[in-house]
Amino acid sequence: MNYHAYITISGEDRILKYRMDPGTGDLDFEYSIPADGAPGPLAVDPGQKCMYLSRRGAREISTYSIDSLTGGLTPLGSVSVNADACYLSTDRRGRFLLSASYGGGMASVHAIRDDGTLSDSPVQSIKTLPKAHFILTDPSNRLAFLPHVGESNTIIGFRFDEDAGTLRETSRTSHEPDVGPRHLAFHPGLDLVYASNEQGSSVTAFSLDTGSGVLEPVQTLSTLPEGFRGENTCAQIHMHPSGRFLYVSNRGHDSIACFAVDGTGGLTCIGIQRTEPVPRAFGIDPTGSFLYAGGQDSGKLASYRIDEHSGRLCPMRIYSVGKQSMWILILALPA
């Protein structure tokens, strides 16, 4: 396999392309791809044929084909959207692209054509609540979830029709005040969902009723060290490919909170690793060996080796990447 890393640099309107060494985790810079309009979230279809980019300032979503040998990106076209998309994901079959809009308080679904480009108009757009921040279908592809931060403080659940590409609301999971569920991660083997809580500086584990789509909270842990009194908000959350570890980024404390996941899905904090200032985005490589965290305010990217036994992060190299790193995506493509 060949490993490729892509980093969107919103403040400089470009995507950085690196080759990743799967043995050492080193990143070798290859080139920069122009992408005007504040490039942000990235998503890839299950077959890794196409990449999708939200250009939030331009209110457009762009499609790129992915060269299976080099990882190179070729632009295929863009579609306009009614509001900036802060999160993109394809459904599990790769037939539809789902997007969440923070500014618009909405979710949209575009059909993916045979050539990977998007339908000019969405199959469906749903007005939900202010500050929608994430959308993803569950492993069965029958459910989708849309968390909202800030005053909305709610996760909306939908029944997803994987043939028509439509969403039908089925549940709302409310929280205590000032929690703000932002991003979600599904456990790879259990009916559990984990949320990073933006305002709450915490992570919550939910049991998932796969029939009704209802989420029930079972555990909440802080992502901050005891005694911390500064301002902080959580951003992204990522599950280790093995399902044994979970990671959440802290903006303010400027760290990655690390958790062990036991056989029942329960969480135990195993450490809080300091990192670059304002780590909005971070990513784990497909082998689960390395984690990369972007410092939105420092213009740098910190790399870590993930201890395969404990899940703790071991600092490695730091790279200069540019102003406002917004997304980190690492792909493994056939050699």
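The values are calculated or read from the model by the stated rules, or taken from the named source; none is laboratory data. Source: prediction; values computed, not measured. Note: ideal-geometry Cβ built from the backbone for every residue, glycine included; neighbour counts use all protein chains shown. Areas reflect the complete protein model, heavy atoms only, side chains present, ligands, DNA and RNA absent. Shrake-Rupley method; radii C 1.70, N 1.55, O 1.52, S 1.80 Å.
The label-point distance for Arg229 and Arg142, in a model that sets each label 7 Å from Cα toward Cβ, rounds to 5.1 nm.
Across the accessible surface of the range 232-335, with the other protein chains kept in place and a 1.4 Å probe, carbon and sulfur atoms take up 49 percent. With a ≥ b ≥ c the root eigenvalues of the C-alpha gyration tensor of the range 33-167, is it rounded (a/c under 1.5), prolate (a/b larger than b/c) or oblate? Oblate, because a/c is 1.5 or more while a/b does not exceed b/c. Rounded, prolate or oblate for the range 220-319? Axes are the square roots of the Cα gyration tensor eigenvalues, ordered a ≥ b ≥ c, and the cut-off for rounded is a/c under 1.5. Here the range 220-319 falls in the oblate category. Take Val214, project a point 7 Å from its Cα along the Cβ direction, then tell me which residues of the range 133-169 have their backbone nitrogen under 15 Å from it. In the range 133-169, the label zone of Val214 (backbone N under 15 Å from the point 7 Å along Cα→Cβ) covers 157-158. Here the accessible area is traced with a 1.4 Å probe on the protein chains. For the range 72-163, carbon and sulfur cover 45 percent of it. Built from the Cα atoms of the range 1-109, the convex hull projects on average onto 7.1 nm², one quarter of its surface area.
Relative to the current alpha-carbon distance between Val123 and Thr166, full extension at 0.36 nm per residue lengthens the span by 14.8 nm. Between Tyr31 and Arg305, the FRET efficiency estimated from the beta carbon spacing at R0 = 30 angstrom works out to 0.70.
In summary, the aspartates and glutamates within cross-link reach of Lys17, defined as a Cα separation below 15 angstrom excluding same-chain residues under 8 places away, comprise Asp26, Asp28, Glu30, Asp67, Asp285. Using a simple spin-label model with pseudo-atoms 7 Å out from Cα toward Cβ, Glu151 and Asp115 lie 4.5 nm apart. Amide H to amide H distances under 5 Å link Cys86 with Ala100, Ser101, Tyr102, where only residues 5 or more positions off or on other chains count and H is placed in the peptide plane. Averaged per residue, the chain has 39 square angstrom of accessible surface, using a 1.4 angstrom probe with ligands and nucleic acids left out.
The aspartates and glutamates whose alpha-carbon is closer than 17 Å to the alpha-carbon of Lys127, local same-chain residues fewer than 8 away aside, are Asp84, Glu151, Glu169. In units of the rule-of-thumb radius 2.2 N^0.38 Å, the chain shows an alpha carbon radius of gyration of 0.92.
For Leu136, the residues 5 or more places off, or on other chains, whose built amide H falls under 5 Å of its own are Phe145.
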